[in-house]
């Protein structure tokens, strides 16, 4: 419960419609898309503009009350669970597209805008905004910026950070800053824009973003390749890149995932296959044709058992079904689904998948792996039951070892989901003690009283490293 | 990570349960509550979330509230009750859910528990519920009596008198408006009009049992008659079992599952005795509960097998025509004149989300020669009718309908078609409110008017 004084001050800023602290509101802002996490805030606020965000922040700063800013709460790292209580700020009312600048090919938007609505709008203008996290039908641009979301098109087109060129944000003190602009070049000082992208709401509250748009590709083609040997599939990925082809999509399903997907969607997939690669190329029609033909021959040279190139959009949709149903099929297996995003250099995909399978067997847990092979971003997904603490413990141990394995292969603990709460204890493994100290220093500079999304990124203590034993 | 994942809220735990909380703990399916992984994919599909942008008004939010009550984290107060009743029950969240959470079942379990304890119904909701749910819907002869009374009221001049006298002003305004758009009622149902057995035209494909529906048969008797003719034209023998009753949908959705189960048993028996291959409905709202009789009776071992038999045979008339029948030829009608007829279609939520039939009605509409079909943007969004929702939650229903009519306007349609009586009345109400001249019709009526009959 907030003190009456604070409550009154917030209502004075936001009006009675913009402030809620009834039990129903608190319960429905106590979670996000991450399994098994819940903590109640003390109040929820719905600001309508930047001035209200700044005024709210000033009140909270004065009273040293934490703030968690969020969009739709779909993140998978516990990034928006208010673990230290305080105020949750929902950005949904700030959801306007302020401008699409056709001369500069930029768009300026408010953070509460739903990503899919934004994409649909720019596409109707004949333009293209590539970041496509699978939650984009409900996730917000602000949330995507805070987490630096990726997606299927990351390999060729990059992730959210590559499209954010300017920001307006409110600091913990309530001051408003502007970074970047409609600028394709800008080296005036430290790049604060990029620093805020992926900062998970721990440095500032993003209130406006200027995004880069690009012309859309003219044509697109889809193909599917199946392999009985995992290394053949992995080598195909490397060979494609070696041949200077950057496909628009290069997705991967491992054998446990193939089995689950086939059971769910009845696709008649060969169950003895070790891996499936789903490949798409887009661009100028003749280039697309050339790349697809070349990639098909690379697949065959690398001993693919079967290569199918879709002749039309309907067939492409069929080929996409296996990859698209992966998450749904896994989510239906058991009550609780824990989806992680360990990432390795793309040349290490096969090693990483084998490590995951070994670790899953060691801890006797069910982990299926699919993901973005082209950029090394894998989604080992555990299917389990939150009501079984003993099994959950084994899942946690398995994931700790998976993170360690990823780092050992030159990878990272998270490629696109963020650190948040659940990976905070592992962050030091990736960035080192010095890296942690530096990040802590940045945090202290922006937010000396630790009011912005406290408890995230920085764990009370790092986890003891797992020693990978081969026994 | 273990210590992190298992953090939970430290505040708000309730030690002493109130009776509603206890009932909810008993009724709510714990597996379904756990299956919700809070991914949020249901949010954009939910009409009430879209309308309000409030998390508690979403399926994820409502499930979190149910779980919080089941976990003892929250007291089920009046706001909780209100929130459960605010859900339209359109079930658009179910096709959107990766984890296949049976939201429809959860909301019915919650309402069932609430219904046992609530003290908060408004006077006319309480009165209406009791009379209609227990006294009228379950008994077709009383429905017909009601139909005769309404028919008399509409034809005798009483309606004009009532409207002129200002009597209608005593009713809440949305009820008075509803009264104004009701079609002429009938005291004679489909069986009284044309008999209960009809032979297929041409070679017989199979026997269809027609589910006539309690409201359909009083308010839309013509549509039932035309449904029979479309079915016989398509090659089906049609029987209309006399002993059939109300489907029980309104009871099940409003927290009266026992009444719904008793109606289900009666219907299963009636159609089993008729020995049918298919059971046809022309009302998505009825069809959706009929295809779930197996779930409704899954704890009743005596009826389990028969309920499965029944549920597997239920199909909307559109699906039946497209999948199994010989689709008759449809041609623009002489009455259409020179004017280009443009039709658009509002999905019945239950037909689309529960019976999963979105393509068949569109296939039929596209086949009508000389008539243009235009897809209604967001046709899959609830129009706000939602059973008796438009009566019990008039504000939200009105707001949804307003958005819906704005979309209809963009299509340039001359006719708006639907496949469910509730949606039909709601769209008529929308047309009435915006003062438009579009005709609102049941798909069956529109098709029948343009049917090219075999000799």
Of the criteria (1) touching a residue at least 60 places away in the same chain (Cβ under 8 Å); (2) surrounded by fewer than 24 Cβ atoms within 10 Å (Cβ to Cβ); (3) at positive phi, which one residue A:85 fails
(1)
Can you tell me which of (1) within 22 Å of residue B:287 (Cα to Cα); (2) touching a strand residue (DSSP E or B) at 6+ places or on another chain (Cβ under 8 Å); (3) in a loop (DSSP other than H, G, I, E, B) is the one residue B:200 doesn't meet?
(1)
Residues of the stretch B:86-110 satisfying the condition of being within 13 Å of chain A (Cβ to nearest Cβ) and either touching a strand residue (DSSP E or B) at 6+ places or on another chain (Cβ under 6 Å) or assigned to a helix (DSSP H, G or I) (or both):
B:86, B:93, B:94, B:95, B:96
Total residues in the stretch B:218-258, condition assigned to a helix (DSSP H, G or I), modelled with pLDDT of 90 or more and under 21 Å from residue B:146 (Cα atoms):
5
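Name the helices (runs of 4 or more DSSP H) wholly inside the stretch B:313-396 in which the number of residues that are assigned by TED's automatic domain parsing to the domain that holds residue B:276 and crowded, with 23+ Cβ neighbours inside 10 Å is 1 or more. Let's see the steps before the verdict.
Values: elements: B:317-323, B:359-366, B:389-392.
Output list reads B:317-323.
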What are the residues in the stretch B:34-56 that are more than 9 Å from chain A (Cβ to nearest Cβ) and in a helix (DSSP H, G or I), if any?
B:47, B:48, B:49, B:50, B:51, B:52
Grab the helices (runs of 4 or more DSSP H) fully contained in the stretch A:1-112, keeping just those with 1 or more residues being under 25 Å from residue B:67 (Cβ atoms) and either facing another protein chain (nearest Cβ under 9 Å) or in contact with a strand residue (DSSP E or B) (Cβ under 7 Å, 6 or more places away or on another chain) (or both).
A:23-27
Looking at (1) modelled with pLDDT of 90 or more; (2) surrounded by fewer than 18 Cβ atoms within 10 Å (Cβ to Cβ); (3) under 20 Å from the mean Cα position of the chain (by Cα), which is the one condition that is false for residue B:209?
(2)
Would you confirm, using the coordinates I've provided, whether residue B:70 is farther than 22 Å from residue A:138 by Cα and either at pLDDT 90 or above or within 13 Å of chain A (Cβ to nearest Cβ) (or both)?
yes
Regarding the stretch A:378-401, can at least one residue be identified that is surrounded by fewer than 19 Cβ atoms within 10 Å (Cβ to Cβ), assigned to a helix (DSSP H, G or I) and away from chain B (no Cβ under 14 Å)?
no
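Take residue A:385 and tell me if it is farther than 28 Å from residue A:38 by Cβ and modelled with pLDDT under 95.
Numbers: farther than 28 Å from residue A:38 by Cβ: no; modelled with pLDDT under 95: yes.
Judged against the criteria, residue A:385 is not a match.
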Of the conditions (1) over 22 Å from residue A:448 (Cβ atoms); (2) in contact with a strand residue (DSSP E or B) (Cβ under 8 Å, 6 or more places away or on another chain); (3) at pLDDT 95 or above, residue A:148 clears all except one; give me its number.
(2)
Can you tell me which residue is surrounded by the most Cβ atoms within 10 Å (Cβ to Cβ) among those in the stretch A:402-435 that are free of Cβ contacts under 8 Å to residues at least 24 places away in the same chain and more than 21 Å from residue A:75 (Cβ to Cβ)?
A:407
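The values are calculated or read from the model by the stated rules, or taken from the named source; none is laboratory data. Please read all numbers here as calculations on a predicted model, not as lab measurements. Neighbour counts are summed over all protein chains in view; Cβ atoms, including those assigned to glycine, are modelled from backbone coordinates with ideal geometry.
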